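The values are calculated or read from the model by the stated rules, or taken from the named source; none is laboratory data. Small disclaimer: the values here were computed from a predicted structure and weren't measured. Here the Cβ positions follow ideal geometry from the backbone for every residue, glycine too, while neighbour counts run over all protein chains shown. Remember, those area values only see protein heavy atoms, side chains included, never the ligands or the DNA or RNA. Shrake-Rupley method; radii C 1.70, N 1.55, O 1.52, S 1.80 Å.
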Amino acid sequence: MKRTGSKEVAWDREEWKAGVEGGGRREIAKALTLVESRSAEDRDRALELLSVLWEGRKGWRSEKIGFTGAPGAGKSSLIGALGKAVAERGERLAVLCVDPSSPLSGGSILGDRLRMTMLSGYEHVFVRGIASGNHEGGLSRGVSDAIVVCEAAGFDKIFVESGGVGQSQTAIRYVVDFLLMVVSPGGGDDVQAMKRGLLELVDAVAVSKDDGVFRADVSRTVSDLRAMLGMGGRDIPVVGCSILEEGGLEEVEKVLEGVVGFDEEVMWDRMWFQVERDVRDFFWRELEGDEGFRRVREELRSRVREGNLYPGCAVEELCGWLKGRGRG
Ligand SMILES: Nc1nc2c(ncn2[C@@H]2O[C@H](COP(=O)(O)OP(=O)(O)OP(=O)(O)O)[C@@H](O)[C@H]2O)c(=O)[nH]1
Ligand SMILES: [Mg+2]
């Protein structure tokens, strides 16, 4: 494969594979930049690389833990504290921080969002911001690809911090083995999470900032959450913790040990779910690019809005229009 510009870069996927599998920081970073790239040529190469890495997956054993929750909930702080404990035990840790809002920033978004300076001194800890949603496959494809690179690189644990808003809070469900939700005390995060269905997706909840003036709010939030979960018949751990006073961190670690022995079948189902969802999203985006479709959709939407059309009939009409379009 040759590049037609002035800069001709030799592409040797076996060399890249060996680099990633060798676990070198620079090689891993380079591979992550490649899988994030928006260019079509890079995408071809990225998929080649991911495919050869994927062939070796039988030997992988990274535990993948996701951290989700509203902006400012304390995700990064908790990752920093837990990561430090992991690093002190000598385990290799990769931290991926998903930033859907700035797909072009690549690895440079660390700084503000990641308060993980406590991890910077460890040779065997790799921290990186990753862009998502910049090629076919939407939000979590980019994260999945980055995780495959990290798994191939042999990390014992991979922590993934979700973007704090909207879809990105839930999208990581499908790429991790265990999903922890971090909740700020007393701010109504818990109620929001329930309304949005996020509580149904997580494996455990950590209520942050269990220190100083927040302490009473934390214990109230913990019991509210337990009550809410109980009503839904869900019995998942809810623990309070503090980064400031380092309280409750061992409890959180214990909860995360639930990752061991996760269900392989569930993982495969999630992986395939992403494939189908990404294809569905592709078709929907294609449709939205069609002027005729947009016109019909807007017309039906207004009729539903004005009370002149039942939503179920709008489905029938839209599908009928699509079938008819196929016949020209
Ligand atoms: N008192 C106290 N403050 C905390 C604790 N954990 C986090 N904070 C503070 O809460 C704020 C947000 O923490 P982050 O860890 O950046 O939160 P985040 O969820 O990663 O935020 P985004 O990445 O922006 O979504 C910071 O000012 C932290 O210092 C805690 O245990 N106790
Ligand atoms: Mg953060």
Kindly establish whether Leu225 is within 16 Å of ligand 1 (Cβ to nearest atom) and in the same structural domain as Ile147 (by TED's automatic domain parsing). no
Checklist (1) assigned to a helix (DSSP H, G or I); (2) farther than 26 Å from Ile147 by Cα; (3) open to solvent by 10 Å² or more (accessible area, probe 1.4 Å) applied to Gly233, failing item: (1)
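Only one of Asp189, Asp278 is touching a residue at least 60 places away in the same chain (Cβ under 8 Å), outside the structural domain of Glu88 (by TED's automatic domain parsing) and within 26 Å of Phe159 (Cβ to Cβ). Can you tell me which?
On the way: Asp189 fails: outside the structural domain of Glu88 (by TED's automatic domain parsing).
Just one listed residue meets the conditions, Asp278.
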Just to check your reading of the model, which residue among Val183, Val127 is closer than 20 Å to Glu27 by Cβ and at pLDDT 90 or above? Val127
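Across segment 53-64, which residue is nearest to ligand 1 (Cβ to nearest atom) among those that are hydrophobic (A, V, I, L, M, F, W, C) and open to solvent by 40 Å² or more (accessible area, probe 1.4 Å)?
Within segment 53-64, the first condition is being hydrophobic (A, V, I, L, M, F, W, C), and the residues that meet it are 53-54, 60.
If we keep only those that are open to solvent by 40 Å² or more (accessible area, probe 1.4 Å) as well, we get 54, 60.
Working: Trp54: 30, Trp60: 27 Å.
Across segment 53-64, the extreme among qualifying residues is Trp60.
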Under the condition of being more than 12 Å from the chain's Cα centre (by Cα), hydrophobic (A, V, I, L, M, F, W, C) and not in a strand (DSSP E or B), which residue from segment 148-191 is nearest to ligand 1 (Cβ to nearest atom)? Val191
Members of segment 65-104 found to be open to solvent by 30 Å² or more (accessible area, probe 1.4 Å), within 15 Å of ligand 1 (Cβ to nearest atom) and at pLDDT below 90, listed by number: Pro71, Gly72, Pro100, Ser101, Ser102
Among the residues of segment 30-42, how many are touching a residue at least 60 places away in the same chain (Cβ under 8 Å), surrounded by fewer than 19 Cβ atoms within 10 Å (Cβ to Cβ) and closer than 15 Å to Val148 by Cα? 1
Among the residues of segment 188-207, write down those that are within 16 Å of ligand 2 (Cβ to nearest atom) and either out of contact with any Cys (no Cβ under 6 Å at 6 or more places or on another chain) or open to solvent by 10 Å² or more (accessible area, probe 1.4 Å) (or both). Asp189
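Taking Val191 as the residue in question, decide whether it is touching a Lys or Arg at 6+ places or on another chain (Cβ under 8 Å) and over 18 Å from Gly258 (Cβ atoms). First the steps, then the outcome.
Numbers: touching a Lys or Arg at 6+ places or on another chain (Cβ under 8 Å): no; over 18 Å from Gly258 (Cβ atoms): yes.
Here the answer is no, as Val191 does not meet what is asked.
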